[in-house]
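Notes follow once the structure below has been shown.
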Amino acid sequence: MSDKALIKVTDLKKHYNGGEVKALDGVNCEIEKGEVVVVIGPSGSGKSTFLRSLNLLEIPTKGTIIFNGTDITAPKTNINKHRQKMGMVFQHFNLFPNMTVLKNMTCAPVSILGKSKEEAEKRALELLDRVGLKDRADAYPSQLSGGQKQRVAIVRALCMEPEVMLFDEPTSALDPEMVGEVLDVMKELASEGMTMVVVTHEMGFAKEVASRVIFMDEGIIQEDGTPDEIFGNPKCERLKSFLGKILV
Amino acid sequence: MRFIIADILAFIAEFKRIMIDGDRYMLVLDGLKNTFIITFGALAIGVVIGIVVAAIRTSFDKNKEAMKLRRGVGYYILLVLNAISKFYLTVTRGTPVVVQLMICYFIVFAAADDGVPVAIFAFGFNSGAYVAEIFRAGIMSVDNGQFEAGRSLGFNYFQTMRFIVIPQMFKAVLPTLCNEFIALLKETSVAGYVGVIDLTKAGNTIGGRTFSYFIPLITVAVIYLVLVIILSFFVNRLERRLRKSER
């Protein structure tokens, strides 16, 4: 229960059909500043729901989420303010197809943060340069490859200067040869000290980059530990059989 | 060959006798003017009603879960507005436009002596239901991921709609909206029921005065057809251009 916790989740539940389906069934977890938390688990285990609950894209049925000392699940909280501080990257990129790459990145900082167009574009171009896409600033999303789209989606979220980045299976929709370029960007981000919560099936990434790995199944956290503990010395049976299936 | 020429000359003479003599073509022009006024007026009203109703329906569908959990007054307001919208859609789409027009003219606005404003209102009210469903379909056709991406960046519901969803929706519905416009143009031909001299009524009137219906009604039909062909041409071009900018 340290004060350093950036996000503190208590007894988070998400039920559908009046409790018939329990996507999340009491998740407790703390995420500290600078941590890279990788969430793994079989499909249907609730890991995406958990991630999407953190910025209230899924409204929890029960439980609290404290972000930066504020209970964002309280009815009076202005969730839009907090979402600005939580960047999110989706499996299917969700770039705005009717806007250029640059416009995708600048529309939120300009209309929400009130940045000037020049300022926002300068920052956007810096970020694009870092992910090697400066020359594609005027392209439309449909002209980019999957890997390029996801890199743009990452820097689009970074344009809002978030305190934490949420990744929802960022490489699952990519061709295998494009996975590396996206993971490289994420590694760089992690090395700069960005707080990250990543739902992924990339066990290599989890081993190499994560400071903590959470294994979820049946809507709860089954095991929580360092990558060495989770992959080297799994305790619960479910995790053992999960790892047995995916680590050949 | 000679016979054909003679036939054509005879037709021209007949056309002149029925349409030009007594300046009867003026009736057609006046009717055309009224048809245009009613169509454009009704479209304007229909688009306004359509935007409002579509906004209520989609925001209710999208936010009801979240608003229910937060138990605000907003939820109940939206609930009532949504019920009113659904009732409006059911009644408007479930009854013939001629009946609605006559109810407006003879009952609701019984004091009005000019049928044109009443017709504009009635057709607008009717068209609004169809436009609302066009807009709603358009909003729903935009991938939910777009909406989530907007919200995750910190846009509120209305900003997400305004900056991200509506621009994409507009592109999707423009051709359908133009088709509704074409349908509306033809629908206004029943305005004669409430004493408005529109294009159709003008043809009918000339037929009655000259005891010859063939030429006036064919003329009216040709005018409608030409208008629709011109409009369709622009709709097709628009559709192609929109598709191109998709890349």
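The values are calculated or read from the model by the stated rules, or taken from the named source; none is laboratory data. The structure displayed is predicted, hence computed values, not measured ones. We place every Cβ from the backbone using ideal geometry, glycine too, and count neighbours over all the protein chains shown.
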Original post:
If you check A:Val182 against the conditions, is it within 18 Å of A:Ile246 (Cα to Cα) and either touching an Asp or Glu at 6+ places or on another chain (Cβ under 9 Å) or in a helix (DSSP H, G or I) (or both)?
Top reply: no
**OP:** Report, ordered by the first and then the second residue, all pairs with beta carbons closer than 8 Å, sequence separation of six or more or different chains, a first member in region A:225-248 that is loosely packed, with under 15 Cβ neighbours inside 10 Å, and a second member that is hydroxyl-bearing (Ser, Thr, Tyr).
**Re:** A:Thr226/A:Ser211
**OP:** Determine, yes or no, whether A:Pro162 is touching a residue at least 12 places away in the same chain (Cβ under 8 Å) and not hydroxyl-bearing (Ser, Thr, Tyr).
**Re:** yes
Subject >> Of all residues making up region B:64-92, the number that are more than 14 Å from chain A (Cβ to nearest Cβ) and without any contact (Cβ under 8 Å) to a residue 40 or more places away in the chain >> reply: 14
Original post:
Taking A:Met99 and the conditions (1) surrounded by 24 or more Cβ atoms within 10 Å (Cβ to Cβ); (2) within 12 Å of chain B (Cβ to nearest Cβ); (3) closer than 20 Å to A:Gly147 by Cα; (4) among the aliphatic types (A, V, I, L, M), which numbered condition does it fall short on, given that it satisfies the others?
Top reply: (1)
**OP:** Residues that are surrounded by 18 or more Cβ atoms within 10 Å (Cβ to Cβ) and more than 14 Å from chain A (Cβ to nearest Cβ): find the helices (runs of 4 or more DSSP H) completely inside region B:142-189 holding 1 or more of those.
**Re:** B:166-187
**OP:** Enumerate the helices (runs of 4 or more DSSP H) found wholly within region B:17-130, keeping only those where 1 or more residues are within 16 Å of B:Val196 (Cβ to Cβ) and not basic (Lys, Arg).
**Re:** B:25-70, B:97-103
**OP:** From the list B:Met102, B:Met26, B:Met19, pick out the single residue that is touching a Pro at 6+ places or on another chain (Cβ under 8 Å) and under 26 Å from B:Arg209 (Cα atoms).
**Re:** B:Met19
Subject >> Odd one out for A:Thr77, checked against (1) modelled with pLDDT of 95 or more; (2) more than 9 Å from chain B (Cβ to nearest Cβ) >> reply: (1)
Subject >> Check on A:Thr200, in contact with a His (Cβ under 9 Å, 6 or more places away or on another chain), surrounded by 21 or more Cβ atoms within 10 Å (Cβ to Cβ) and either touching a residue at least 12 places away in the same chain (Cβ under 8 Å) or farther than 25 Å from A:His82 by Cα (or both) >> reply: no
Original post:
Would a scan of region A:172-183 turn up a residue that is touching a residue at least 12 places away in the same chain (Cβ under 8 Å), surrounded by 14 or more Cβ atoms within 10 Å (Cβ to Cβ) and closer than 19 Å to A:Met105 by Cα?
Top reply: yes
Original post:
In region A:4-31, how many are within 17 Å of A:Ile72 (Cα to Cα) and either under 18 Å from the mean Cα position of the chain (by Cα) or buried (at least 16 other Cβ atoms within 10 Å of the Cβ) (or both)?
Top reply: 14
Subject >> One residue from A:Lys103, A:Lys149, A:Lys117 being under 17 Å from the mean Cα position of the chain (by Cα), under 25 Å from B:Ile166 (Cα atoms) and of a type in the set (D, E, K, R) >> reply: A:Lys149
**OP:** Would you mind stating whether B:Gly207 is more than 14 Å from chain A (Cβ to nearest Cβ), of a type outside the set (A, V, I, L, M, F, W, C) and touching a Pro at 6+ places or on another chain (Cβ under 8 Å)?
**Re:** yes
**OP:** Could you tell me whether B:Val220 is in contact with a Leu (Cβ under 6 Å, 6 or more places away or on another chain), among the β-branched types (Val, Ile, Thr), more than 30 Å from B:Phe60 (Cβ to Cβ) and crowded, with 18+ Cβ neighbours inside 10 Å?
**Re:** yes
Original post:
Under the condition of being farther than 30 Å from B:Val131 by Cβ and of a type in the set (Asp, Glu), which residue from region B:8-46 is surrounded by the most Cβ atoms within 10 Å (Cβ to Cβ)?
Top reply: B:Glu14
Subject >> Residue selected from region A:121-143 under the condition more than 28 Å from A:Leu51 (Cα to Cα) and of a type in the set (A, V, I, L, M), by the criterion farthest from the other protein chains (Cβ to nearest Cβ) >> reply: A:Leu125
Subject >> Residues located in region A:80-94, provided they are buried (at least 17 other Cβ atoms within 10 Å of the Cβ), closer than 18 Å to A:Phe50 by Cα and more than 7 Å from every other protein chain (Cβ to nearest Cβ) >> reply: A:His82, A:Met86, A:Gly87, A:Val89, A:Gln91
**OP:** Identify, by number, the condition in (1) within 13 Å of chain B (Cβ to nearest Cβ); (2) surrounded by 14 or more Cβ atoms within 10 Å (Cβ to Cβ); (3) in a loop (DSSP other than H, G, I, E, B) that A:Phe167 doesn't meet.
**Re:** (3)
